[in-house]
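These notes concern the structure reproduced below.
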Amino acid sequence: MGPLVRDALERLSAVAAQTVGDAERLRALGARAVEVTGNLKFDVEPAAGSELLAAQFKRWFGNRVVFLAASTREGEEELLLDALERDPLGDALVVIVPRHPQRFDAVAQLMAVRGLKFARRSAAAPIDTDCRIVLGDSMGEMAAYYRASEAAFVGGSLLPYGGQNLIEACAAGVPVLIGPYTYNFAQAAESAVAAGAALRISGAEDAVRQARPLLGDPGLRERMGKAGIEFCATHRGATQRTLAMCERLLSRS
């Protein structure tokens, strides 16, 4: 593949790289005019109406403390449910939102087979006080789920899927837990941990163990939430830098 990739990259007038490491790899593959512009995901604004929907979620959740398992991938729900069975989070409500909608019914079946009492977002029915789990089987509402939670685990990182977008969680001001596999967001994950916005967990049991103090300590949640918002603000600007690159190219034509 080397010669084919090199020939293709050499023909590009400019390449916008997310990180210094990405830029080095692209140059090694043959790209020439490479600039580090940053991660565009830091510039994404929350979905319109997400704050209002989050308030509706909080009322639906009965104003209980919420531990969110966001964008979970196949196999991760089972690991989390096993860990929660061994080490429950007391009266906290656990909200599980699978990454892919085609898995909603499969995750619901997983819970039903275990004999767990759970509510589905799609049912929009009142949540009984003895219900400890909600299945977030909806699309386009992740920003509201984050804003309605006290702590969030970002999925795709317990098993080697590479991790899902933790930036959205940090931008919502919610403390973030990430697993060992975050190579899809390598620099963002390491930077979020260094900034105090995220905690690295070793597995599902550790996720539950580290969620407990977050759920019980408003001060800790506030510090991590503020760190997440500041972390995202510090890394914004990739859109403008990329547009500036495009404008320079267009001015030459």
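Those residues that are in a helix (DSSP H, G or I), under 30 Å from Ala192 (Cβ atoms) and not aliphatic (A, V, I, L, M), I need them from the range 236-252; list them, please. Step through it out loud before you land on a result.
Step one: list which residues in the range 236-252 are in a helix (DSSP H, G or I), which gives 238-252.
When the remaining residues are screened for being under 30 Å from Ala192 (Cβ atoms), the result is 238-246.
Correct list: Thr239, Gln240, Arg241, Thr242, Cys246.
Cβ-Cβ contacts under 6 Å between residues 6 or more apart (or on different chains), taken from a first residue in the range 41-65 that is outside the structural domain of Ser138 (by TED's automatic domain parsing) to a second residue that is surrounded by fewer than 17 Cβ atoms within 10 Å (Cβ to Cβ) and among the β-branched types (Val, Ile, Thr), are listed as Asp43/Thr239.
Scanning the range 163-202 for residues that are surrounded by fewer than 24 Cβ atoms within 10 Å (Cβ to Cβ) and more than 15 Å from Asn39 (Cβ to Cβ) returns Gly173, Pro180, Tyr181, Val193, Ala194, Gly196, Leu199, Arg200, Ile201, Ser202.
Can you name the residue in the range 1-18 that is in contact (Cβ under 8 Å) with a residue 60 or more places away in the chain and surrounded by fewer than 16 Cβ atoms within 10 Å (Cβ to Cβ) and, of all such residues, is nearest to the chain's Cα centre (by Cα)? Step through it out loud before you land on a result.
Of all residues in the range 1-18, those in contact (Cβ under 8 Å) with a residue 60 or more places away in the chain come to 13-14, 16, 18.
From what is left, the residues that are surrounded by fewer than 16 Cβ atoms within 10 Å (Cβ to Cβ) are 13-14.
Working: Ser13: 33, Ala14: 30 Å.
Across the range 1-18, the extreme among qualifying residues is Ala14.
Looking at the range 174-205 only, could you name the residues that are part of a strand (DSSP E or B) and either of a type in the set (A, V, I, L, M, F, W, C) or in contact with a Gly (Cβ under 7 Å, 6 or more places away or on another chain) (or both)? Listed by number, the residues that qualify are Val176, Leu177, Ile178, Ala198, Leu199.
Filtering the range 97-119 to residues that are in a helix (DSSP H, G or I), crowded, with 16+ Cβ neighbours inside 10 Å and β-branched (Val, Ile, Thr) leaves only Val107. Considering only residues that are free of Cβ contacts under 8 Å to residues at least 24 places away in the same chain and not aliphatic (A, V, I, L, M), look in the range 106-119 and name the one that is nearest to Gly225 (Cα to Cα). The qualifying residue nearest to Gly225 (Cα to Cα) is Phe118. Restricting Ser122, Ser138 to residues that are of a type in the set (Gly, Ala, Ser) and either part of a helix (DSSP H, G or I) or touching a residue at least 60 places away in the same chain (Cβ under 8 Å) (or both) narrows the list to Ser122. For the range 206-215, the criterion of being out of contact with any strand residue (DSSP E or B) (no Cβ under 7 Å at 6 or more places or on another chain), under 22 Å from Ala143 (Cβ atoms) and either at pLDDT 95 or above or assigned by TED's automatic domain parsing to the domain that holds Gly75 (or both) is met by no residue.
The values are calculated or read from the model by the stated rules, or taken from the named source; none is laboratory data. Treat the numbers as computed from the prediction; the structure is a model and nothing was measured. Don't worry about glycine lacking a Cβ; one is built from the backbone with ideal geometry, like all the others, and counts go over all protein chains shown.
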